[in-house]
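I have placed the structure first, in the form of structure tokens, so that the comments after it can refer back to it.
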Amino acid sequence: MVFTRKMTKQEKLIVEEIIRFVEDKHNRSEGHDYSNILEVCRNSIEIARKIRDPVDPFILICGALLHDIGRINAPSGLFHGIDGASRTEEFMESLIDDIKTIRKISKIVVRHTATSMIPPQSPEEKVVFDADALDRLGYMGMMRGIMGKTGTMEHIIENRIAKRMADYHKLYYKESRKLGKTLHKETLDIVTMLRKGLAKRAKQIHEIENYKLILEE
């Protein structure tokens, strides 16, 4: 399935307007910057071309481009799916007069993240969910996940490891897993390296603490 149809000329103009909008909003973001948006969009198109489920290209691409709009100027990304859906509806209402299409796009935004507690249902929702998960894998995905996080290094790394280890197995489509197989292997290699580093660091800290005790005797 390549797509259920071709986008109209008007839809292409709307997509161009959305691209300008998200580029302006995300170009100063940390971690979830404009490159992340483009990568999720690219992954979405790649997955949609391989699966058998019917996918509407306009709804998919709009949802992929706007999926992280809820992170802009937000102190926490915890509810960025829900916040993003509201922002998406408001923005899309300025571009099209079709509430049914707008709702389909906003559902992609709210359901692309597990933090919304609303799992994806439509093919477009599942595709963007998978596309976003794929961009969290591998060397670049791990680095992007660490950026902007606060807390001890050990806490941040262990938290990222736990999340990234689960991402690959939550993908909806086998086609997504095929696309992400190499990235998943990269992730496993990074996890092994980081855990070795954490173990070495813990040992060194223990040795320093023992040395301090000796000096105090």
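The values are calculated or read from the model by the stated rules, or taken from the named source; none is laboratory data. The model shown is predicted, which means the values in this text are computed figures rather than measured ones. Cβ placement follows ideal geometry from the backbone for every residue including glycine, while neighbour counts extend to all protein chains displayed.
Mind checking whether some residue in the stretch 77-99 is exposed (fewer than 14 other Cβ atoms within 10 Å of the Cβ), at pLDDT 95 or above and within 19 Å of Glu125 (Cβ to Cβ)?
Checked the stretch 77-99: at least one residue is exposed (fewer than 14 other Cβ atoms within 10 Å of the Cβ), at pLDDT 95 or above and within 19 Å of Glu125 (Cβ to Cβ).
What residue, among those in the stretch 165-177 that are part of a helix (DSSP H, G or I) and touching a residue at least 40 places away in the same chain (Cβ under 8 Å), is surrounded by the most Cβ atoms within 10 Å (Cβ to Cβ)?
That would be Ser176.
Take the stretch 9-47 and flag every residue that is without any contact (Cβ under 8 Å) to a residue 12 or more places away in the chain and more than 22 Å from Arg144 (Cβ to Cβ).
Those that are without any contact (Cβ under 8 Å) to a residue 12 or more places away in the chain and more than 22 Å from Arg144 (Cβ to Cβ): Lys9, Gln10, Lys12, Leu13, Glu16, Arg20.
Within the stretch 158-209, how many residues turn out to be more than 18 Å from the chain's Cα centre (by Cα) and over 30 Å from Lys50 (Cα atoms)?
The qualifying residues number 19.
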